[in-house]
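Input: a single structure, listed below in structure tokens.
The values are calculated or read from the model by the stated rules, or taken from the named source; none is laboratory data. All figures in this text were calculated on a predicted structure; none of them were measured in a lab. All Cβ positions, even for glycine, are placed from backbone atoms using ideal geometry, and neighbour counts span all protein chains on display. The area values use the complete protein model at the heavy-atom level, side chains included, leaving out ligands, DNA and RNA. Shrake-Rupley method; radii C 1.70, N 1.55, O 1.52, S 1.80 Å.
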Amino acid sequence: IRLQAAKTLELGDGSLAIQGYDATLMNAGTSLVFTGDSGLKVDGELSIDAPVITAGQATTSSLLATGRLAASGGDPAASVPTAAGLGARLTMSAADIDFGGRIVLPSGTVRLVQTGDPATPVQGNNLRVAGNAAIDVAGDTLVFGPKQVGTPGGTVSLEAETGTLELAAGAVLDV
């Protein structure tokens, strides 16, 4: 199944399960934005192609694939949508993860989790962060009249439950 938007692909409040397909492709022309507390569970593979992935203020979102999750298309020059808010939380989990995208969650939390049964690990199921990947949870500066207030940096968690964590040279983790 293909979810495609010429500009922004937006996921709002609620949970969605996609079943009965071997693969799901999410293709966003400018951005993938989580605008509410949301969860997407995909049976099989999930491929995401978006210049930037972000979320609204204080939202909690998750993407879960029972197979492989691949994110690509991250563009450091792509503008971050105004919908991006402070303190969002995003978890991406799958049996095998190839992350080559760009996530921007100011003062937020990003978790990439390679899942599996430690008693029966599957060879080749790993968490790979490519050299062109960027995960940005750095704080921001807010302006209140004449005052400027900095927000704290966020948290990035990369977890390989049964496989290997591979962080390629050039990958950017900005906290």
Notebook entry, point to check: Working out 0.36 nm times the residue gap between SER72 and LEU25, then minus their Cα-Cα distance, what length gain in nm do you get to one decimal?
Noted result: 15.8 nm
Checklist line | Antiparallel content of DSSP bridges confined to the chain, in %, to 5 | finding: 5
Checklist line | Dipole in debye (nearest 20) - region 41-136, about Cα centre, beta carbon charges: Lys, Arg +1; Asp, Glu -1 | finding: 220
Item checked: Order by protection proxy (mean Cβ within 10 Å, highest first), peptides 70-76, 165-171, 20-26 -> 70-76, 20-26, 165-171
Next item on the list: Over region 52-162, calculate the relative contact order: mean separation of alpha carbon pairs under 8 Å at least 6 apart, over the residue count, as a percent.
Entry: 27
Check: Can you list the HN-Hα couplings for region 89-95, worked out from phi with the Karplus curve (6.51, -1.76, 1.60; θ = phi - 60°), rounded to whole Hz and with x for Gly and Pro?
Finding: 10, 9, 10, 10, 9, 6, 5
Margin query: Rounded to the nearest percent, how much of the accessible area of region 121-175 (1.4 Å probe, protein heavy atoms only) is carbon and sulfur?
Written below: 53
Note to self: At 1.4 Å probe size, put ASP13, ASP98 in order of accessible surface, largest to smallest.
What the structure shows: ASP13, ASP98
Next item on the list: Return the FRET efficiency for the residue pair GLN57, THR141: r is the Cβ-Cβ distance, R0 is 22 Å, and the value is rounded to the nearest 0.05.
Entry: 0.90
Notebook entry, point to check: Residue by residue, what Karplus-based ³J(HN,Hα) values in Hz, rounded to whole numbers, does region 43-54 have, using 6.51, -1.76 and 1.60 with θ = phi - 60° and x for Gly and Pro?
Noted result: 6, x, 8, 10, 10, 10, 10, 8, x, 8, 10, 8
Check: Can you give me the Cα centroid spacing of region 111-175 and region 73-92 in angstrom?
Finding: 13
Notebook entry, point to check: Could you give the length gained on full extension between LEU173 and LEU16, defined as 0.36 nm per residue of separation minus the Cα-Cα distance, in nm?
Noted result: 53.6 nm
Item checked: Label zone at THR151, where the point sits 7 Å out along the Cα-to-Cβ direction: region 88-117 residues whose backbone N lies under 20 Å -> 88-92, 102-112
Check: LYS41 accessible area, nearest 10 Å², 1.4 Å probe?
Finding: 90
Check: Which cross-chain or sequence-distant (5 or more) residues have an amide H under 5 Å from the amide H of ARG111, H modelled 1.01 Å from N in plane?
Finding: LEU90, THR91, MET92, SER157
Next item on the list: Taking amide H positions as placed in the peptide plane 1.01 Å from N, state which residues far from SER47 in sequence (5 or more) or on other chains have amide H under 5 Å from it.
Entry: THR24, LEU25, MET26, ALA70
Note to self: Less than 12 Å Cβ to Cβ from ASN126, Lys/Arg counted +1 and Asp/Glu -1: what total charge do the surrounding residues give?
What the structure shows: -3
Item checked: Local net charge near LEU16, Cβ-Cβ under 13 Å (Lys/Arg +1, Asp/Glu -1) -> -3
Notebook entry, point to check: Can you tell me the accessible area per residue over region 73-168, all protein chains present, probe 1.4 angstrom, in square angstrom?
Noted result: 47
Notebook entry, point to check: Carbon and sulfur: what percent of region 1-66's accessible surface (1.4 Å probe)?
Noted result: 46
